[in-house]
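A.B. asks: If you scroll down you'll find the structure; I have some questions about it.
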Amino acid sequence: LASGYPIQNRLDEYWALVNYARPNALGPYDRFRAYFERPIVDFLDGAAAAAAPTGTEPPSAADEMLALKRAFVLRDELKDVVLRRGADVLGADLPRRRDWIVECRLAPAQAALYKAFDAAAQATEHSGDEGGLPRGELAAYHTALAIVNHPDIVHAALCEEERLFPNGGPTSDGGGGGDVR
C-alpha cells in the first residue's frame, strides 16, 4: 500500500513499488527509466528551472508532449494494478484529520547537516545559480525532510554512502560528506 500524491513519489520508487506488487509489470528498470522516467522528469525539471529566476529556457512543446504522452501510457498500463482514490471518494469513510505539532531539538549530527544545507542554499540564492540545489525546491524540501528525520536514518544513509564510496562520495569535490556523528 502506498499513499500520498504522485508528486511526493519519485518515479524510481514508484517503479519499485509496482515491481514489488506485480513483478515485471513495467519491465526492467533500465527500460522503464529510458522510456518513462527520463522524459517525464526531464520535462518537470526543465519546467521548474524555467520558473526559477535563473533565466533558464523552458522545455519545448515537443518535450512537454512527450512527457504527457508517457505519463498517460504509464497510467494506462497500471490501471489494473494501481487503485487511485481521492478524498472525494474516500471522504465519508476516512476519520476527520487531526494534526499535532511536536517540536523536537535537532541532534548534533542533524544540526550540522542542517547548517551545511542552509549555507549551500544561501550561497545558491546569492549566486543566482541553481548549482547547489540542482533539482529545485521539491528536492530541497525532501533533503530538509531527510535531515530532520530520526538521526539514525541520516547516520545509516551516510554509512551506506561510505560503504559504497570508500574513497569519497560521488560529489564533484570527491568528499563523502565527512564524519558528522
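The values are calculated or read from the model by the stated rules, or taken from the named source; none is laboratory data. All of these numbers come straight from a predicted model, not from anything done at the bench. So basically every Cβ, Gly included, is an ideal-geometry build from the backbone, and we count neighbours across all protein chains shown. Heavy atoms of the whole protein, side chains included, go into the accessibility calculation; ligands, DNA and RNA do not. Shrake-Rupley method; radii C 1.70, N 1.55, O 1.52, S 1.80 Å.
A.B. asks: What are the pairs, 6+ residues apart or on separate chains, where a residue within segment 151-167 that is among the small types (Gly, Ala, Ser) has its Cβ under 8 Å from a residue that is assigned to a helix (DSSP H, G or I)?
C.D. replies: The qualifying pairs are Ala157/Ala146.
A.B. asks: Scan segment 79-104 for residues that are of a type in the set (A, V, I, L, M), in a loop (DSSP other than H, G, I, E, B) and open to solvent by 80 Å² or more (accessible area, probe 1.4 Å) and report the count.
C.D. replies: Qualifying residue count, segment 79-104: 5.
A.B. asks: Further question on the same structure: When the residues of segment 20-78 are filtered to those that are open to solvent by 80 Å² or more (accessible area, probe 1.4 Å) and within 16 Å of the chain's Cα centre (by Cα), which remaining residue is modelled with the lowest pLDDT?
C.D. replies: Taking the candidates together, the pick is Leu44.
A.B. asks: Restricting the search to segment 105-139, which residues are part of a loop (DSSP other than H, G, I, E, B) and at pLDDT 85 or above? Steps first, please.
C.D. replies: Kept after step one, since they are part of a loop (DSSP other than H, G, I, E, B), are these residues of segment 105-139: 105-107, 128-135.
Across segment 105-139, the qualifying residues are Arg105, Leu106, Ala107.
A.B. asks: Right, next: Can you name the residue in segment 152-181 that is modelled with pLDDT of 70 or more and not in a helix (DSSP H, G or I) and, of all such residues, is most open to solvent (accessible area, probe 1.4 Å)?
C.D. replies: Asn167
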